[in-house]
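Comments concern the structure below.
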Amino acid sequence: MLTHAAIDAFTALTGSAPEGVWVGPGRINLIGEHTDYNDGYVLPFALPQAAYVAASTRPDGRWQFRSVDLDETVELGQDELLPGSPGWHSYLAGVVWALQRAGHQVGGADLVLTSDVPLGAGLSSSAAIECATLAALADLNGLQIDPVERAKLARVAENAYVGAPTGLLDQAASTLCTAEHALFLDCRTLATSQVPLAVTAAGLEILVIDTRTRHSHVDGEYAARRASCEKAAEMLGVPALRDVTDLDAALARLPELEGRRVRHIVTENQRVLDAMDALAGADYARLGRLMTASHASMRDDYEITERSVDLAVESALAAGALGARMTGGGFGGCVLALVQADRVEVTADAVRTAFAGAGLGGPVTFLGRPSAGARRLA
Ligand code: GLA
């Protein structure tokens with residue numbers, strides 16, 4: 001559907017059909033939150049929800065970006081590609097800029113965007129756009145860029161052009177994930193492995209609960225967590241919190257606040273490794289317990305949850321979920337719950353009832369089915 005919407009909008013804009021349509025998915029992080037910028041481990045999978053970019057080259061060396069969803073068009077010349085420019089088109093223009101900065105020849109192009117990744121839900125709507133755009137520009141310009149390098153370049157767009165100080169999680173997930181698998185990524189070595197995530201074969205589903213809570217202070221809180229981690233690593237004399245091997249010794253040397261931040265990162269890294277072990281043994285009960293422990297750590301030590309995500313986790317667990325946790329940067333957004341396939345509706349109903357009882361708006365629920373990463377569709 002969105003492929004056709006992108007093609008039709010492209011044709012209406014330029015008068016001819018696009019050379020192709022590229023897609024970049026949103027992601028869910030199964031476990032491993034805020035570990036990426038601490039050189040740690042993450043375990044995301046890609047969603048079916050994705051950003052679609054219909055694109056063609058154009059001869060005049062300019063870039064035209066159109067958002068179907070916002071009904072807005074922006075055209076930029078080479079000297080207007082300026083880091084820090086506000087607006088949705090930065091997620092596309094930033095990729096042009098990042099590719100050029102890395103020495104790639106990127107000619108002018110028309111790019112038309114539409115997306116069904118919910119905005120601000122912690123599902124990486126921005127990385128989805130960046131990774132679809134990168135796939136499009138690489139193909140249109142005949143650039144040979146390996147997948148890990150693509151993820152890194154998309155992150156440069158996010159960090160240096162858009163100006164968000166994120167880690168590699170989102171762009172790696174959107175670029176490198178494959179259907180029916182989670183992606184294990186070591187954010188220091190950038191080693192990856194595809195981990196079969198056959199929950200449906202085990203009679204389970206990953207129920208995604210979008211609380212539809214979005215907080216405006218997310219960016220500042222994210223930067224503050226990152227700064228705390230860097231400060232703690234410096235106090236401990238390690239390159240990154242990944243290198244903390246003796247948690248008790250580290251806690252004895254840190255102020256209370258930094259200690260709790262460090263405890264989240266160190267225990268969360270271990271939970272990712274334990275989750276890999278649980279998946280290898282098809283031990284979903286253990287995976288569920290690890291997810292719930294991850295949520296408690298984000299709530300109590302990292303302090304990035306809030307009322308609606310905590311309530312979604314509690315009510316899903318009370319309805320019998322094997323485990324539940326918030327996913328993404330925090331302060332709202334989505335919760336994923338590992339549930340028996342025949343308990344999906346009951347669990348979703350229980351969460352809706354709890355939200356209504358707490359005077360919160362209705363959450364939106366859907367199934368998280370591990371899907372393919374960024375690619376050319378048409
Ligand atoms: C956001 C960032 C990621 C990662 C997560 C938390 O999604 O973009 O780099 O830090 O938060 O795990």
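The alpha-carbon atoms of region 205-356, seen along their principal axes, cover 50, 40, 19 angstrom, with the largest extent given first.
Which value does Rg/Rh take for region 57-202 over its C-alpha atoms, Rh per Kirkwood?
Rg/Rh for region 57-202 comes to 0.99.
Backbone amide hydrogens, once placed in the peptide plane, bring residue 378 within less than 5 Å of 21, excluding anything fewer than 5 places away on its chain.
Towards the positive end of the charge dipole of the chain, with charges on Cβ (+1 Lys, Arg; -1 Asp, Glu), say which of 55, 163, 237 has the farthest Cα. Sorting the options by dipole projection puts first 237. Based on alpha-carbon centroids, what's the gap between region 291-322 and region 101-147 in Å, whole number please? Rounded to whole Å, the Cα centres lie 33 Å apart.
Dipole check for the chain: with +1 at the C-beta of Lys and Arg, -1 at the C-beta of Asp and Glu, and the Cα centre as origin, the magnitude is about 220 Debye. The shape of region 210-288 can be summarised by an equivalent ellipsoid whose semi-axes, obtained from the alpha carbon gyration tensor, come to 25, 22, 10 Å from longest to shortest. Entry comment: accessible area of region 209-362 is 42 Å² per residue, from protein heavy atoms only and a probe of 1.4 Å. Taking Cα atoms only, the orientation of helix 147-156 departs from the longest principal axis of the chain by about 90 degrees. Building the convex hull from the alpha-carbon atoms of region 280-378 and averaging its projection over directions returns 8.3 nm². The charge dipole of region 237-356, taken about its Cα centre with unit charges on the Cβ of Lys, Arg, Asp and Glu (plus for the first two, minus for the last two), comes to roughly 100 debye. Share of region 73-143's accessible area from carbon and sulfur, percent, 1.4 Å? For region 73-143, the apolar C and S fraction of the accessible surface comes to 51 percent. Given +1 at the Cβ of Lys and Arg, -1 at the Cβ of Asp and Glu and no other charges, the dipole of region 117-197 around its Cα centre is 140 debye to the nearest 20. For the chain, the relative contact order comes to 24 percent (Cα pairs under 8 Å, sequence separation of at least 6). Considering only alpha-carbon pairs that sit under 8 angstrom and 6 or more positions apart, the relative contact order computed for region 218-309 is 23 percent. Just check region 1-120 against the gyration tensor rule for me: Cα atoms, a ≥ b ≥ c as the square roots of the eigenvalues, rounded for a/c under 1.5, and otherwise prolate or oblate depending on whether a/b exceeds b/c. Oblate, because a/c is 1.5 or more while a/b does not exceed b/c. When the solvent-accessible area of region 243-349 is split by element, carbon and sulfur atoms take up 50 percent of it, the probe being 1.4 Å. Could you give log10 I(q)/I(0) at q = 0.09, 0.12, 0.14 Å⁻¹ for the chain, computed by the Debye formula over C-alpha point scatterers of equal weight, without solvent? Listed by q, the Debye log ratios stand at -0.51, -0.89, -1.16.
The values are calculated or read from the model by the stated rules, or taken from the named source; none is laboratory data. These figures come from a predicted structure and were not determined experimentally. Every residue, glycine as well, gets a Cβ built from its backbone with ideal geometry; the counts of neighbours run over all protein chains shown. All accessible areas refer to the heavy atoms of the entire protein, side chains included, with ligands and DNA or RNA removed. Shrake-Rupley method; radii C 1.70, N 1.55, O 1.52, S 1.80 Å.
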